[in-house]
Structure formats: C-alpha cells, structure tokens
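Chemist: Structure incoming, see below.
None of the figures in this text is laboratory data; all of them are computed from the coordinates on show. Just so it is clear, the model here is predicted, and its values are computed rather than measured. Please note: Cβ atoms are built from the backbone with ideal geometry, for glycine as well, and neighbour counts cover all protein chains shown.
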Amino acid sequence: MKKELKEVSKNCYILSSGKDKVDIHVYLNRQLFEEFVEDEALNQLYNASLLPGVVSPIIGMPDIHTGYGLPIGGVMATDYEVGVVSAGAVGMDINCGVRLITSKIPAEEINKSILTKLLKAISKRVPLGVGKSSELKVLKKPNLEGIAYEGVEHYIKKGFGRIADLDRIEDHGCIKGANLSAVPNSALKRTDQLATIGGGNHFIEIGRIGSVLDEELASKWGLNEQHIYVMIHTGSRGFGHQICCDYSTIMWENSDKNKTRAPQKGLACAPISSRDGQNYLQAMACAANYAFTNRQIITHFVREAFVEVIKKPEADLGLDLLYDVAHNIAKKEKYNKWLLVHRKGATRALPAGHEDNPACYRETGHPAIIPGSMGTGSYVVIGTPEIEKTFCSVNHGAGRVMSRKQARSEFTREGLLNQMGHVVVIAKDIKSLLDEAPLAYKDIDNVVYTLVEAGLTKPIVKLKPMGVLKGEGNEA
C-alpha cells in the first residue's frame with residue numbers, strides 16, 4: 001500500500017480508501033517514508049476506515065507501526081451519534097501516558113553517584129517489571145470506588161501528592177462516566193499493581209533540559225536549561241489490559257447482533273450508543289483513572305526519594321508537575337460536531353485558546369510530552385492552530401522499527417551499553433532490556449520534526465536522559 005501514498009502537503013501523504021470519502025492521512029518526512037513504512041500498518045488504517053460512522057481522515061502519526069487492530073500511532077474519529085467505539089483502537093494499556101516533573105536542581109549538582117542513589121531510592125518505592133505489586137497494603141488493595149469516581153484527587157487526599165497537581169493533569173486526573181459495574185470480574189482481579197511501572201517501554205527517567213527551543217514558554221513553565229527533570233511513563237497495567245481483551249472479545253462475539261462486523265478482531269467494535277459500547281466506555285474510564293492515579297502515586301514516591309538523597313526540603317527542589325498526558329484512550333470531543341476520538345499510541349495537543357485546556361495553559365496550549373527511546377532525547381511540544389487537522393493529536397513517542405524478537409536476536413549486552421552511552425541504567429538484568437535498545441526505535445528528531453515541518457507543532461525544549469529505571473517483561 002505504500003506505493004499508493006501521495007504527498008499532498010509538507011510531510012503529509014494521503015491514501016484514499018474509496019469508501020464514503022474517508023481518506024487516510026499519514027505524516028512522514030522523506031526518510032521515514034522511504035525507510036520505515038509498514039504495509040501492514042497502512043492496511044490497518046485502511047481497515048479502520050471501513051468501520052461504521054468513521055469521520056475522515058483516519059490519521060497515521062510519524063511513529064506509526066503495526067499494532068493490534070489499529071496501528072500504534074493511529075488516530076480514528078467516529079461520529080458520536082451514529083459511529084462505533086473499538087476497544088482495540090484504544091489499545092491494551094488504557095491510558096498509558098507520560099508525565100513530566102520539572103525541578104530547581106542544576107544538572108551539575110547531580111553526579112553519577114548521586115544519580116545512582118536517586119534511581120535506587122525510587123526503585124525501592126516503585127516496583128519495576130510485569131506483574132509486580134506494591135508492598136504497601138493501601139496500594140496493593142486500592143480503593144477502586146475512589147479511583148473510579150474521584151481519580152487522582154482521591155489519593156491526593158490520602159497524602160500522595162499536592163492538590164496543585166490536579167491542574168496539571170489531563171481531565172484533572174478523572175475522566176467522567178466511570179462505572180465499576182461495567183468492569184469484568186477478570187479485570188477486577190488485576191487491580192493490585194498501583195504505584196508500579198511494569199515492563200516493555202515503560203520507565204522512570206531522570207535527565208536534564210538539554211536545549212531550549214522556545215525561551216519564553218520554557219521559562220514560563222520552569223523548563224530551565226541544564227536543570228533536572230523526571231519523566232514517568234506507565235499506564236493502567238494489568239487492569240486496563242484485561243478490560244481491552246475482554247471487551248474486544250465481547251464486541252467481536254456480538255458484532256452480528258450489533259451489525260458492526262469489523263474486518264478483523266483487533267478492530268472489533270460496537271455502536272457508541274449500544275449497551276456494549278457504553279459499558280466499554282465506562283470500564284475504560286475506570287482504567288484511565290487508575291492510570292492517572294498510578295502516575296500520581298509514583299510522583300509522590302519520586303519526590304520522597306529526592307528529598308531523602310539530596311537532603312533538602314521538597315520546596316527547595318521544586319519537583320513541580322508540568323503536565324500529564326494520556327495515550328491509548330477514546331474521548332468525546334467537538335470538531336463542528338461531537339466525535340469519539342480514538343488515540344492509540346497518540347496524545348492530545350490542544351492549541352492555545354482551546355476551551356478544554358486547563359486554565360493554566362489556556363493562553364498557550366498545554367505541553368505535549370514525547371519520549372524518545374531509552375537513552376535518547378525526548379521533547380516537549382505544543383500544538384499550533386493547524387493541529388485540528390489531526391483532531392488535535394500528535395505522536396506519543398519515537399515508534400519501533402524492529403520487533404522485540406528481532407531486537408533480542410540482533411543486540412548484545414555490550415551493544416546495548418554502547419548504544420546507551422553515558423546514561424545510567426538500573427535493571428535487575430541488563431540483557432532483559434535488549435528489546436528496548438535505542439536502535440530498535442526510529443530517530444526521535446526525525447519523528448518530532450515531521451510534525452513541526454508540517455506546521456502542526458512547535459518544539460519547546462529537548463530533553464537529555466541521564467539515568468533510567470526499567471522493568472523486565474514485555475508490555476506496550
């Protein structure tokens with residue numbers, strides 16, 4: 001299908017689906033187009049365009065790669081009145097997301113010894129790896145009603161963070177409409193992973209602000225050059241994964257009854273207004289709020305670790321939340337009419353003036369945080385007014401160019417350490433991270449500047465990692 005792509009504007013390629021004038025827009029620069037476009041990922045976008053009530057265009061982000069149903073780096077909007085919702089088009093790890101914490105700490109004050117102590121202090125508080133649970137009973141057996149209906153605020157009231165954090169989280173850390181009765185029993189059994197990172201591409205990273213690209217906004221947001229930041233990337237863990245699996249099966253088995261037969265099970269769907277559709281959205285909101293809460297509690301533990309190691313009060317260190325953005329989610333949003341926007345491996349970037357921005361970012365647009373691969377740079381960007389072309393969506397990371405199996409077969413422990421350079425990695429077994437090697441991912445500069453050159457985003461700062469915590473096991 002790659003040969004059918006036609007460039008119609010800077011870094012924007014179109015593939016016509018031929019059905020109801022639903023076009024497919026894929027954002028790629030020349031190198032990404034020539035080297036990193038999978039026909040299977042394009043075919044998945046095409047299949048998504050065939051679902052009932054899909055609104056043109058289907059979007060492929062520059063980090064696009066083959067996923068389950070909808071590709072990772074895919075955006076699909078459906079008409080809220082007559083369209084469908086697809087669990088697979090949201091993704092397995094519901095509200096896998098990223099939050100960025102700024103600081104008042106100059107990077108020159110953090111040598112390798114202190115950095116290692118910080119990472120170890122965090123890892124004592126935050127379990128790493130697939131299937132891990134917190135040792136704290138209050139987290140291992142969380143208050144699911146509090147999480148579902150209050151979100152992050154419920155645990156802030158219990159002492160996990162600052163009330164001011166709420167203004168810096170998408171949807172204030174609580175998506176409305178959650179209903180625990182819509183959550184399958186199999187998922188309720190997997191709620192013991194609060195305050196954990198998991199495995200795969202999830203991490204906690206300590207780094208420095210490498211370069212400032214917009215001095216006014218960077219200064220306003222506390223992104224001071226050569227100061228320390230902390231980035232947290234994790235989601236709803238086994239809880240959200242099970243909800244996706246169960247509802248994909250339900251939607252597939254009921255597709256004839258619902259008259260929504262999809263081209264493949266990964267795109268199994270149901271009318272938004274149907275019982276299956278509403279139940280999924282209610283369960284999805286529970287998992288999304290679990291993920292927001294997960295990242296919030298980890299933030300609290302990160303702050304504790306910094307105070308312990310650096311031996312200064314939290315107020316002196318800063319450690320303020322810049323923003324928390326969600327990936328893998330479906331949200332009701334208005335673009336002339338009400339749509340359900342599925343973002344899978346994509347994140348929202350509302351431009352300046354958009355009414356859904358938090359008050360503190362109404363004038364500027366909220367930050368979108370785009371992590372690179374382990375050991376490489378990351379970016380903070382904002383959306384321009386042109387971002388509505390993608391339903392206010394940007395890429396969520398660098399995007400894989402190599403399967404996990406291939407990476408494990410091609411890279412060695414020594415090769416991985418060479419790729420990491422001076423970045424400190426804390427892991428039980430470094431060989432378990434071969435599938436997360438930087439060369440298994442696209443170049444983050446290529447990916448980010450694809451949308452910058454297309455006029456959709458503006459970069460604010462580039463981030464440089466110094467140390468990273470990773471867990472064992474495969475999660476995406």
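Chemist: Please turn the phi angles of the stretch 69-80 into ³J(HN,Hα) values with the Karplus equation 6.51 cos²θ - 1.76 cosθ + 1.60 (θ = phi - 60°), one per residue in order, whole Hz, x for glycine and proline.
Modeler: Along the stretch 69-80, the couplings run x, 7, x, 5, x, x, 10, 9, 9, 10, 5, 5 Hz.
Chemist: How far apart, in nm, are two points set 7 Å out from the Cα along the Cα-to-Cβ line at LYS334 and at ASP79?
Modeler: Placing both labels 7 Å beyond Cα along the Cβ direction yields 1.9 nm.
Chemist: Sticking with this structure for a sec: Apply the Karplus curve 6.51 cos²θ - 1.76 cosθ + 1.60, θ = phi - 60°, to the phi angles in the stretch 188-197 and return the couplings in whole Hz, x for Gly and Pro.
Modeler: Result, rounded to whole Hz: 4, 7, 10, 9, 8, 10, 5, 6, 10, 8.
Chemist: With the cut-off at 25 Å, tell me which of the pairs LYS2/LYS470; LYS265/LYS332; LYS220/LYS470; LYS112/LYS311; LYS21/LYS332; LYS132/LYS189 have Cα atoms farther apart than that.
Modeler: LYS2/LYS470; LYS220/LYS470
Chemist: Moving on. Where nothing but the Cβ of Lys and Arg (+1) and of Asp and Glu (-1) is charged, how large is the charge dipole of the stretch 351-416 around its Cα centre, in debye to the nearest 20?
Modeler: 540 debye
Chemist: If you don't mind, there's one more thing I want to ask. Sum -39500 (n - 2.57) across every DSSP H segment of at least 4 residues in the chain, then divide by the residue count to get the 222 nm mean residue ellipticity, nearest 500.
Modeler: Taking each H run of at least 4 residues, the total per residue is -9000 deg cm²/dmol.
Chemist: Where the only charges are on Cβ atoms (+1 Lys, Arg; -1 Asp, Glu), what is the dipole of the chain about its Cα centre, to the nearest 20 debye?
Modeler: That gives the chain a dipole magnitude of about 1080 debye.
Chemist: In addition: Take the alpha carbon atoms of the stretch 118-192, find their center, do the same for the stretch 204-264, and report the distance between the two centers in whole angstrom.
Modeler: Each part's Cα centre sits 15 Å from the other's.
Chemist: All other residues with a Cβ under 11 Å from the Cβ of ILE204 taken together, and with Lys, Arg as +1 and Asp, Glu as -1, what is their net charge? Each step should come with its number before you reach the end.
Modeler: Numbers: positive: ARG99, ARG125, ARG295, LYS470; negative: GLU205.
Its environment carries a net charge of +3.
Chemist: While we're here: Pairs of alpha-carbon atoms within less than 8 angstrom and 6+ residues apart define the contacts here; what relative contact order does the stretch 2-470 have, in percent?
Modeler: Reported as a whole number, the value is 23 percent.
Chemist: Another one. Amide H neighbours of ALA268 under 5 Å, counting only residues 5+ apart in sequence or on other chains, H built in-plane at 1.01 Å?
Modeler: GLY88
Chemist: Per residue of the stretch 331-345, what does 6.51 cos²θ - 1.76 cosθ + 1.60 with θ = phi - 60° give for ³J(HN,Hα)? Whole Hz please, x for Gly and Pro, Karplus curve as stated.
Modeler: Working through the residues one at a time gives 9, 7, 9, 9, 10, 6, 9, 6, 10, 10, 9, 8, 10, 10, x Hz.
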